[in-house]
Amino acid sequence: MMAMVGKILYWKGCMSRLKMKSIADSTEALLGLLGVDYDTLGGEEGCCGSVLLRTGQYDAARSLAILNADRISSLGYSELVTSCPGCFKTMSSEYPMIIGRAPFRVMHISQFLYGRRAAMEGCLHPIRARVVYHDPCHLGRHMGVYDEPRALIRMVPGADLVEFKYNRSKALCCGAGGGVRSAFPEIAVEVARGITGAPLREAGASIIITSCPFCNYNLKEAGGAEVIDLPEFLLRSWRGS
Amino acid sequence: MNDEPRDPKSKEFSEWMGDQRRRLGIDRAVAAYTAAKEAALKRLPEMEEMRKEVRRIKEESISRMGELARQAMDSIADVKGTPYLAGDAAEARRIFCSIVGTGKLVVKSKSLTSEEIHLNGALEAAGNDVYETDLGEFIIQLRKEKPTHIINPSVHVPREEVAQTFSKLLGREVSSDIPSLVGVAREFLRDKFCKADVGITGANVVSAKTGTLFIIENEGNARFVSNAPPVHIAITGIEKVVPTLSDAFKVVQTLPPYATGVLISAYVSLVTGPSKTADIEKTIVYGAHGPKELHVVLLDNGRSEMAKDPILREALYCLRCGGCLYECPVYRIVGGSFGDNYFGGIGMVWSAFTRGDEAVAVAIDACTKCGRCKEVCPLEIDVPKMVERLKGKLVRKGHLSRKHAEIRENIERKGNPFGQSERRQ
């Protein structure tokens, strides 16, 4: 894995890599269509440490942060793109505090794609559906990324983007984060039903678009709605199927 | 998901989640609260500046917490009140029991701080009759249940069940019509107010310079409790003391819109010393129409410890409006089981310091750290950051769930939280 200076590392994150592979596959396909020169670390990627930080296991998280920062920097990558808002938040805002410097630039896939949106102009086919965007806590409330995903969804012809009553900084949590899904799965899924129930009916959308594999997984568990990741949605539009 | 619950807290969570009656009660309360708060804040554009000012007041007050508590005690003594500083819950109970004695009729208005020290049990064990007079607390007391919300303790009890409880109390059938239910409580408790030997209240804020207690309420019961009996005892945490009267008034203006969606509560009582008169020959006599004695118990019980932690000290800024609970996605589902006396994310910090780590060791794992509480808090208290900090401290003391320990082991062995082998790729 000899990295070129300036080459981008697509950091899939554990959920997209192992549990929600269609998110990583769609993201890679989309990056390919956009002609982005990128690498992944494949089976060597490892863990960003987010789940350890959220569950109070600071020392183990610190070791991972140091290990990852050294490993990624020594491979020559200075720019990371993540699918998971948890990886994004941890690596961009918490690594610098843990190791005392920002080892590399980290972008969430929504920010990265927004920066390359010109390349998508004219390539997207209509998806005639009323869609609603679910703000993941780690991406929205914690990192302030609200507009890029919405701008990308609006690029898809025919897609009618509506909003939940509580959105952006007041968005309801899907219930999966913070280690709740592993400690109390029944609470996590019940919290998700608090989105796929009445709020979704009120929004009147048939598809929930989100940009977090944890939200995606948990909202699907709750049932009652089609849930799709942002790059999956864009890829579907690009391919016209 | 059909596993037997592993511990009492998980069982409590399951019971709450499965109880459609209580869930409905909370859902209705959430809808009513959020609508009222939005309407109130629309009419109070000045609140944006006010809440920032209150945050500055609390930051200053907590940085001088011990000093302000001592100043408040001096001021209370100056106006012939009797101040006490209780180091912990046991000391506070001893103070109360020595003032109240035995065989007394005691009326109380709502005080979370009194619940914190399990005051009612101690007074009853000493041979006193204790009546909660806040309607919600009264219902909870009769039903021998635990409060489930800091502002609205009986939020989970629908009217039909209140009627059953009151029917049992009076030994006759009581209608479940809500105004009639309120009438029953009014009639029953009026007699207690007038006959009580001791009245116990909390205090929402205290001005150090004047020793003034501010008691905020809507029902009017706290006025009775603090005024009718010959002895008034107030209990409040040392974090409730602010430097001046004008600081206290700012807190008073900020609390009600966020607590219940009103511009200001029906009653704000200001109490500075016991009742007195000098109408005969300018000679001061205490206990004119109000209480002859005022005792003020300032409670530490972990608060000084909390103030020492650079992150967790922010919990001491909490005004106890309870707004974060209504907005918490987990509280909506597990309600009163999400904490111990103090609920939700910030309640984890409060419960840990005032009741010990055991009180939150399991429940803290139900917090998603989503941060909605911070977003709706008038003081923007960073609850997720505090919960993570507290969780880290608990883990270092050995409170780590088996699932979370497994995740760490999986990451260390396999490089992912699920323990899957993937290096062959």
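The values are calculated or read from the model by the stated rules, or taken from the named source; none is laboratory data. All values derive from a computational prediction rather than experimental measurement. FYI the Cβ positions are ideal-geometry reconstructions off the backbone, even for glycines, and counts take in every protein chain you see. Heads up: the accessible areas ignore ligands, DNA and RNA and are worked out on the full protein's heavy atoms, side chains in. Shrake-Rupley method; radii C 1.70, N 1.55, O 1.52, S 1.80 Å.
When each of B:94, B:43 is tested for being open to solvent by 50 Å² or more (accessible area, probe 1.4 Å) and either free of Cβ contacts under 8 Å to residues at least 24 places away in the same chain or small (Gly, Ala, Ser) (or both), the lone residue that passes is B:94.
In this entry, residue B:36 passes the filter for residues that are modelled with pLDDT of 95 or more, of a type in the set (Gly, Ala, Ser), under 22 Å from the mean Cα position of the chain (by Cα) and farther than 28 Å from residue B:359 by Cβ.
Just to be sure, is residue B:75 in contact (Cβ under 8 Å) with a residue 60 or more places away in the chain, touching a strand residue (DSSP E or B) at 6+ places or on another chain (Cβ under 6 Å), open to solvent by less than 60 Å² (accessible area, probe 1.4 Å) and of a type outside the set (A, V, I, L, M, F, W, C)? No; evaluated as a whole, the condition is false for this residue. Of the helices (runs of 4 or more DSSP H) entirely within the range A:27-113, those holding at least 3 residues that are of a type in the set (A, V, I, L, M) and under 26 Å from residue B:418 (Cα atoms) occupy A:50-54, A:58-74.
Residues are listed down the side, and each one gets a yes or a no for (1) within 17 Å of residue A:202 (Cα to Cα); (2) within 14 Å of another protein chain (Cβ to nearest Cβ):
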{"site": "A:128", "(1), (2)": "no, no"}
{"site": "A:135", "(1), (2)": "yes, yes"}
{"site": "A:139", "(1), (2)": "no, yes"}
{"site": "A:144", "(1), (2)": "no, yes"}
{"site": "A:151", "(1), (2)": "no, no"}
{"site": "A:155", "(1), (2)": "no, no"}
{"site": "A:167", "(1), (2)": "yes, yes"}
{"site": "A:170", "(1), (2)": "yes, yes"}
{"site": "A:176", "(1), (2)": "no, yes"}
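Scanning the range A:25-42 for residues that are crowded, with 17+ Cβ neighbours inside 10 Å and within 12 Å of chain B (Cβ to nearest Cβ) yields A:40, A:41.
Flag set for residue B:275, criterion: open to solvent by less than 50 Å² (accessible area, probe 1.4 Å) and over 21 Å from the mean Cα position of the chain (by Cα). For the range B:219-244, taking the residues that are more than 19 Å from the chain's Cα centre (by Cα) and open to solvent by less than 60 Å² (accessible area, probe 1.4 Å), the one that is nearest to residue B:179 (Cα to Cα) is identified as B:228. Among the helices (runs of 4 or more DSSP H) confined to the range B:339-425, the ones with at least 2 residues that are within 11 Å of chain A (Cβ to nearest Cβ), in contact (Cβ under 8 Å) with a residue 60 or more places away in the chain and open to solvent by 10 Å² or more (accessible area, probe 1.4 Å) are located at B:383-396.
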